[in-house]
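Participant: Below is one structure. I have some questions about it.
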Amino acid sequence: MKRILISLFISIPFLACSQEKETLKEKFEDYFLIGATINQEDYQIIDKDEKILKIVSEDFNSVTPENSMKWMHSHPEYSKFTFSNAQKITDFAKENDMYLLGHTLVWHNQVPEYVSEINDKAKFHLHLKNHIFQMVTRFKGKVDMWDVVNEALNDDGSLRETVFLEMMGDDYIEKVFQYANDTDPNVELAYNDYNLYKPKKREGAIRIINSLKEKGIRIDAVGIQAHWDLHFPSIKEIEETIVDLAATGVDVMITELDITVIPNPYELAGIAREEFKKFEGDKKWDPYQSGIPKNIQKKLTRRYKEIFELFVKHHDKISRVTFWGTTDKYTWRNENPIRGRTDYPLLFDREYNKKPALFELLNIDFSKIK
Ligand code: 9MR
């Protein structure tokens with residue numbers, strides 16, 4: 001596992017001289033992988049935006065396809081798989097020697113309509129099994145880790161009522177991890193979710209991990225999505241989350257990091273909802289259309305620094321930190337939960353320039369982190 005290699009490598013700690021590192025991947029190379037996403041469907045970055053690819057390959061050593069491996073894009077019809085977009089990202093990752101994420105096999109969102117129309121339980125089970133088999137086989141030797149199950153929990157730690165739970169029963173998570181393992185025993189397998197800083201939900205994730213382990217079913221890592229804002233969750237809550245999850249013995253990853261700086265009329269849940277349509281165009285919810293104010297830029301910079309100092313402190317537990325996006329121009333935050341807004345959650349601005357927060361991360365003094 002990569003984390004073990006990374007940990008061995010840093011047995012001589014704090015040798016890195018911060019000011020000399022010019023890219024994120026160099027800066028944190030002794031601590032964890034640094035990832036970004038490529039957003040293929042909405043913006044056709046692969047075909048049209050060479051500048052994004054340059055940023056991703058220069059500053060990052062891991063990449064996640066933001067949408068193209070999801071069920072609705074990769075398996076849009078009952079008997080039809082479409083791999084071309086995901087394949088382009090795979091080729092790009094391999095050309096640039098990057099760690100590639102498969103995102104995601106079993107998620108209730110972005111699933112085509114026909115899936116919920118399969119009424120026969122045995123048929124559904126077989127179809128899901130085949131989906132996993134086809135996806136994992138197609139990307140065998142290319143994808144380094146699959147997010148096998150994504151967002152299976154409610155905030156109270158109970159299992160979310162999804163089509164998978166309904167059609168396959170309480171042990172569907174065990175089954176799908178087993179199918180992924182059977183198809184490729186060498187690819188790493190992860191559970192991924194948001195709001196794990198909430199103790200009840202975190203307990204739910206720990207329960208999933210422990211129950212897989214008790215049954216001898218392999219799980220290698222757990223992903224903390226990290227769609228956060230300038231204040232929440234607190235550094236203490238993030239730290240407790242990392243420490244508690246790591247105690248299960250699997251690698252901890254920060255999988256979808258972004259820090260929204262604009263107000264959101266909902267508890268950050270990570271999904272779009274129709275009822276937010278009424279807020280579209282309302283300046284109250286989109287206050288920085290003509291630029292990010294200096295004080296907000298400063299707050300964002302400080303927030304990223306504090307978060308990364310915490311990650312470095314716990315680098316023995318963390319194998320990867322991935323940003324959900326690359327530049328502010330293409331972040332999902334601009335469209336969710338209210339469409340057409342101007343948010344600033346990432347480390348590259350709308351003109352693809354490095355933001356103050358990125359330089360701040362390059363300047364972190366590792367010797368001061370205890
Ligand atoms: O960033 C993705 C966005 O382009 C899609 O429209 C959206 C659909 O739900 O999914 C976004 O990615 C999500 C990820 O796959 C799982 N965690 C929450 C992310 C943000 O919604």
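Every read-out reported here was derived from the displayed coordinates using simple, explicitly stated rules and does not represent laboratory data. The shown structure was predicted, so the numbers you read here are calculated from the model rather than taken from an experiment. A quick note on method: Cβ atoms are made from the backbone with ideal geometry, for glycine too, and the neighbour counts reach across all protein chains shown.
Participant: Please list, in chain and number order, the residues 5+ apart from ILE38 or on another chain whose amide H is under 5 Å from its amide H, with Hs placed from the backbone.
Facilitator: THR64, GLU66
Participant: Here's a follow-up. Excluding residues fewer than 8 places away in the same chain, name every one of the lysines whose C-alpha is closer than 21 Å to that of LYS121.
Facilitator: LYS80, LYS129, LYS175
Participant: Using the Kirkwood radius built from alpha carbon pairs, what does the Stokes-Einstein equation give as D for segment 150-223 at 20 °C and 1.002 mPa s, in µm² per second?
Facilitator: D, rounded to a whole number, is 170 µm²/s.
Participant: Further question on the same structure: Remind me, relative contact order of the chain in percent, using alpha carbon pairs under 8 angstrom and six or more residues apart?
Facilitator: Details: 622 pairs, mean separation 67.3, N = 370.
It rounds to 18 percent for the chain.
Participant: What's the FRET efficiency of ALA122 with ASN154 using the Cβ-Cβ distance as r and R₀ = 35 Å, to the nearest 0.05? Write out the running numbers ahead of the final one.
Facilitator: Details: r = 27 Å, r/R0 = 0.78.
Here the calculated transfer efficiency is 0.80.
Participant: Turning to a different aspect of this structure: Pick out which of LEU257, LEU153, LEU53 has the largest mean-square fluctuation in a Gaussian network model of the chain, springs linking Cα atoms closer than 10 Å.
Facilitator: It is LEU53.
Participant: To the nearest 20 debye, what is the magnitude of the charge dipole of segment 84-213 about its Cα centre, counting +1 on the Cβ of each Lys and Arg and -1 on the Cβ of each Asp and Glu?
Facilitator: The dipole magnitude comes to about 140 debye.
Participant: With the dipole of segment 186-345 worked out from charges on the C-beta (+1 for Lys and Arg, -1 for Asp and Glu) around the Cα centre, which of LEU196, ILE206, GLN297 lies farthest toward the positive end?
Facilitator: Of the listed residues, the answer is GLN297.
Participant: Next question, about the same structure. Once the dipole of the chain is set up with Lys and Arg at +1 and Asp and Glu at -1 on Cβ about the Cα centre, which of ASN109, ALA221, TYR172 lies farthest towards its positive end?
Facilitator: Value: ALA221.
Participant: Okay, moving on. How big is the dipole moment of the chain about its Cα centre under a simple scheme where the beta carbon of each Lys and Arg is +1, that of each Asp and Glu is -1, and everything else is neutral? Debye, nearest 20, please.
Facilitator: 520 debye
Participant: Once every DSSP H run of n ≥ 4 in the chain is given -39500 (n - 2.57) and the sum is divided by its residues, what mean residue ellipticity at 222 nm do you get, rounded to the nearest 500 deg cm²/dmol? Intermediate results must be reported in sequence, preceding the final value.
Facilitator: Working: 15 runs with 141 residues, N = 370.
Result for the chain: -11000 deg cm²/dmol, rounded to the nearest 500.
Participant: Additional query: Go ahead and set up a Gaussian network model of the chain, Cα springs under 10 Å, then flag whichever of PHE28, PHE311, PHE279 fluctuates most.
Facilitator: Per the Cα network of the chain with a 10 Å cutoff, PHE279 tops the list.
Participant: Still on this structure, I have one more. So in the chain, what percent of DSSP beta bridges are antiparallel if you round to the nearest 5? Mind showing how you got there, number by number?
Facilitator: Numbers: 3 of 37 bridges.
Taking every DSSP beta bridge within the chain, about 10 percent pair in antiparallel fashion.
Participant: Residues in segment 194-215, backbone N under 20 Å from the label point at GLU237 (7 Å along the Cα-to-beta-carbon vector): list them, ranges by number please.
Facilitator: Answer for segment 194-215: 194-207.
Participant: Per residue of segment 314-320, what does 6.51 cos²θ - 1.76 cosθ + 1.60 with θ = phi - 60° give for ³J(HN,Hα)? Whole Hz please, x for Gly and Pro, Karplus curve as stated.
Facilitator: For segment 314-320, the Karplus-derived couplings read 10, 4, 5, 9, 9, 9, 7 Hz, x marking Gly and Pro.
Participant: Let me ask something else. DSSP loop trypsin sites (Lys or Arg not before Pro) in segment 91-146 with at most 16 other Cβ atoms within 10 Å of their Cβ, which ones?
Facilitator: Loop-located and lightly packed - LYS140, LYS142.
Participant: Could you work out the equivalent-ellipsoid semi-axes for segment 266-370, taking the square root of 5 times each eigenvalue of the Cα gyration tensor, largest first, in whole Å?
Facilitator: Semi-axis lengths for segment 266-370 are 29, 17, 12 Å.
Participant: Mind checking which aspartates and glutamates have their Cα closer than 16 Å to the Cα of LYS283? Skip sequence neighbours fewer than 8 apart in that chain.
Facilitator: Cross-link targets: GLU335, ASP343.
Participant: By how many nm would the segment from PHE276 to SER290 grow when fully extended, if each residue of separation counts as 0.36 nm and the alpha-carbon distance is taken off?
Facilitator: Values: separation 14, 0.36 × 14 = 5.04 nm, distance 2.22 nm.
Full extension of this stretch gives 2.8 nm more.
Participant: Using only alpha carbons, build the gyration tensor for the chain and give me the equivalent ellipsoid semi-axes, biggest first, whole Å.
Facilitator: Computed over the chain, the values are 30, 25, 21 Å.
Participant: Report P(r) for segment 58-114: all Cα-Cα distances, bin width 10 Å, range 0 to the bin holding the largest distance, values in whole percent.
Facilitator: 24, 48, 22, 5, 0
Participant: Suppose we flag GluC sites (Glu not before Pro) only when DSSP calls them loop and at most 14 other Cβ atoms lie within 10 Å. Which is the longest uninterrupted stretch of the chain? Display every interim value, and only then the final one.
Facilitator: Working: sites that count: GLU22, GLU117, GLU161, GLU267, GLU280, GLU335, GLU351.
That would be 162-266.
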